[in-house]
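Here is the structure we will look at.
The numbers here are math on the coordinates, done by the rules we state, and not lab data. Here the structure is a predicted model, which is why all the values come from computation and not from measurement. Cβ sites come from the backbone with ideal geometry, for glycine too, and all protein chains shown count toward neighbours.
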Ligand code: NAP
């Protein structure tokens with residue numbers, strides 16, 4: 001593999017682990033994040049492999065397009081987009097804060113849409129490419145205290161499902177990835193029982209598996225996928241009971257992560 005992979009949110013967590021894994025497998029890495037520190041240190045970690053980075057906020061479409069074009073000028077056209085940048089913040093009905101609601105949905109949903117918008121016209125012109133979005137198992141249904149996060153990820157799934165059907169005849173693949181809990185700075189502020197939590201390198205391995213096999217939809221780890229798949233067949237009232245029990249074991253300390 002030596003296609004050019006554009007990864008948003010590549011300076012930290014899952015994006016960073018994916019950049020390292022894909023670079024080790026021969027991909028050329030184009031990295032975007034909103035801060036430069038993680039991107040610079042990533043350059044040291046994947047030294048010797050083709051890599052370029054640019055600063056852009058995924059909520060700013062013109063800046064994202066400029067950054068993408070800069071990276072393409074250095075590395076070549078983007079073959080693989082991994083729309084990964086995202087944030088988490090407590091959003092509860094008991095303290096409904098529209099600013100936080102809007103921020104989470106803007107980064108996690110519009111950010112993915114903006115990232116797709118920056119690369120898709122080129123992919124259509126070339127009749128090849130692969131769009132990957134890092135959604136979450138939290139997209140399956142609304143969860144207490146994670147209202148905006150769940151809504152944003154459900155929205156991502158919807159965009160990706162529609163795109164997959166439209167783009168298949170053009171030779172462009174579309175993959176939605178739904179990780180369960182992964183140990184990254186995003187989950188650092190959560191205390192309690194995070195069931196089946198994965199180390200970030202193991203999560204990157206799962207995601208690369210989905211990418212290589214061009215899966216339409218991939219949720220992991222397996223045990224989480226089975227449990228949630230089973231739960232989603234229950235009536236809503238049973239689901240609510242189960243969700244209350246599970247979510248009561250998790251506490252968020254601090255603000256946005
Ligand atoms: P992370 O370690 O916080 O990494 C996210 C990266 O995205 C950070 O570098 C962050 O920059 C960047 N970012 C945030 N907002 C941005 C913006 N507006 N523009 C550009 N970059 C931005 O979190 P992670 O756990 O790796 O999460 C990566 C993705 O996986 C997210 O979409 C998340 O929802 C999803 N996910 C995570 C888990 C989990 O348990 N960790 C589970 C399921 C899905 P800053 O450091 O400046 O914020």
Q: Specify the angular offset, from 0 to 90 degrees and rounded to the nearest 10, of the alpha carbon long axis of helix 13-24 from the longest principal axis of the alpha carbons in the chain.
A: 40 degrees
Q: Name the shape class, rounded, prolate or oblate, that the alpha-carbon gyration tensor gives for region 191-239, where a ≥ b ≥ c are the square roots of its eigenvalues, rounded holds for a/c under 1.5, and otherwise prolate holds if a/b is larger than b/c and oblate otherwise.
A: oblate
Q) What's the center-to-center distance, using Cα atoms, between region 143-172 and region 54-82 in Å? A) 21 Å
**Q.** Mean projection area, nm², convex hull over Cα of region 134-223
**A.** 6.2 nm²
Q. Of the listed peptides 207-215, 23-31, 4-12, 186-194, what is their order by residue-averaged count of other C-beta atoms within 10 Å, with the highest listed first?
A. 4-12, 23-31, 207-215, 186-194
Q | Degrees, to the nearest 10: 147-167 long Cα axis against longest axis of the chain | A | 50 degrees
(Q) Could you tell me the extents of the chain's C-alpha atoms along the three principal axes, largest first, rounded to whole Å? (A) 52, 40, 32
Q | Compactness of region 108-163 - radius of gyration and Dmax, Cα, Å | A | 12.8, 43
Q: Report the percentage of all Cα-Cα pairs in region 34-161 whose separation exceeds 23 Å, rounded to a whole percent.
A: 39 percent
Q) So what's the angle, to the nearest 10 degrees on a 0 to 90 scale, between helix 61-75 and the longest Cα principal axis of the chain? A) 50 degrees
Q. Among 223-233, 32-42, what's the highest-first ranking by average C-beta atoms within 10 angstrom per residue?
A. 32-42, 223-233
Q. How would you order 46-54, 196-204, 101-109 from highest to lowest mean count of nearby Cβ atoms within 10 Å?
A. 101-109, 196-204, 46-54
Q: Return the calculated 222 nm mean residue ellipticity for the chain, to the nearest 500 deg cm²/dmol, obtained by summing -39500 (n - 2.57) across DSSP H runs with n ≥ 4 and dividing by the residue count.
A: -14500 deg cm²/dmol
